[in-house]
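Everything below concerns the one structure shown next.
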Amino acid sequence: MSEWFTMWKSYMALILCSLLCQTVAVCSAADEVSDQPLRVGVKLSPPFVMKDATTGRYSGFSIDLIRLLAAQVDPPREIEFQEQESLAGHLEAVRDQRVDLGIAATSITAEREKTLDFSMPFHETGLDIVVQRGAGGVTVWAALKLWNLLYPVSGLVAFVFVCAHVIWLTERGKDNHFDDRWAYGVSQAVWWTLVTMSTVGYGDFVPRSPLSRVIAVSVIVVGVVVFGIAVGIFTSALTVQEIASDIQGPKDLVGQSIVVVSETIAAEKMRGSRAAVIEVAQLDDALAAVRAGEAFAAVHDGDQLRHNLKRSSKRLMQINKPFSMQYYGITFPSGSPLREQVNRALLEIMEGGGESLFQQLHDRWLGQRD
């Protein structure tokens with residue numbers, strides 16, 4: 001009996017020792033994982049990913065976002081950035097697991113989903129068009145045809161026409177100031193109304209009767225307001241913001257030379273259009289081609305265009321009519337266990353609406369949402 005008891009104690013001791021060793025191994029492995037930095041692949045895509053030429057430090061919307069997420073996962077991770085020069089190289093680094101995840105300005109597409117996993121979307125955007133200012137045959141005549149000029153101009157013409165008839169009816173034949181004949185008299189009254197409402201007052205036609213003078217005062221007061229509104233709207237229509245360009249969307253680019261950045265959604269979309277597509281390596285190259293007149297327009301992500309044009313020549317303008325809407329996501333190797341953790345962390349920083357950490361980050365880099 002004592003021998004059996006001794007054997008049982010030895011057996012239990014072996015089991016406990018084995019369990020203890022396994023526990024230590026698991027804990028050691030966990031500690032080893034938490035000590036490893038999170039390898040993040042990035043590609044320069046201002047304002048989402050930028051790099052200081054002097055310090056080499058990365059910044060931007062996507063960079064700040066991944067730093068927040070790395071602090072939210074369990075356990076929190078340090079970050080080791082690995083930069084790729086092209087989008088194809090960036091996606092390949094993620095696909096081949098040379099990095100743990102990738103973040104830049106990467107659109108979620110069905111084709112990319114075949115070989116990669118994506119996080120939930122963190123940004124919605126669309127393609128937009130950049131042309132030279134005045135491109136598309138913009139003229140003053142084009143401004144005159146704007147619908148927002150129809151009502152004030154029509155109102156101004158009607159006001160002058162009515163006032164001219166009223167003053168002609170009350171003043172015709174008096175000391176020959178206004179001709180008795182309708183065509184001549186009304187044309188004189190139109191002249192008088194215009195110089196009166198603009199407060200020029202040449203004095204060649206002077207109302208005599210008290211009623212006519214009351215009408216003249218009304219013409220001056222009301223006329224200044226109506227004339228001022230019409231002039232203000234017309235002046236606004238002559239600005240670049242109002243006239244802009246005859247280019248309103250991709251259908252207006254048919255037959256034109258269009259420059260895009262290779263390996264982007266813009267390149268994929270425009271290849272199927274009836275435009276002459278030129279592909280370049282960088283967005284700066286695309287805008288330079290438009291600026292130099294080597295291409296009619298550039299098509300790219302609207303937010304990236306807007307950021308670039310803030311610091312570039314005033315010779316270019318953005319249409320601000322986004323099309324082909326898309327979503328940005330964080331990329332992972334297929335089956336990555338990090339995806340679920342990052343998604344939970346992303347949801348946490350998005351909670352809170354306008355007061356959320358995510359919204360504050362968005363407003364800082366991309367401006368407040370409308």
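The values are calculated or read from the model by the stated rules, or taken from the named source; none is laboratory data. These numbers were taken from a predicted model, which means no experiment stands behind them. Every residue, glycine as well, gets a Cβ built from its backbone with ideal geometry; the counts of neighbours run over all protein chains shown. To get the accessible areas, we keep the full protein, side chains included, count just its heavy atoms, and leave off ligands, DNA and RNA. Shrake-Rupley method; radii C 1.70, N 1.55, O 1.52, S 1.80 Å.
The table that follows gives values for the structure above.
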{"read-out": "Sequence of VAL221, VAL195 from largest to smallest accessible area, 1.4 Å probe", "value": "VAL221, VAL195"}
{"read-out": "Exposure of LYS269 as accessible area (Å², to 10), given a probe of 1.4 Å and all protein chains", "value": "110"}
{"read-out": "Segment 57-138: GluC sites (Glu not before Pro) in DSSP coil with no more than 14 other Cβ atoms inside 10 Å", "value": "GLU78, GLU85"}
{"read-out": "Subset of LYS51/LYS114; LYS43/LYS114; LYS51/LYS251 violating a 26 Å alpha-carbon distance limit", "value": "LYS51/LYS114; LYS51/LYS251"}
{"read-out": "Segment 246-311 - percent of accessible surface contributed by carbon and sulfur, probe 1.4 Å", "value": "47"}
{"read-out": "List ASP100, ASP74, ASP285, ordered by accessible area with a 1.4 Å probe, largest first", "value": "ASP74, ASP285, ASP100"}
{"read-out": "Segment 255-370 pair-distance distribution - Cα-Cα, 10 Å bins, rounded %", "value": "11, 34, 28, 20, 6"}
{"read-out": "At most 14 other Cβ within 10 Å, DSSP loop - GluC sites (Glu not before Pro), segment 318-352", "value": "GLU351"}
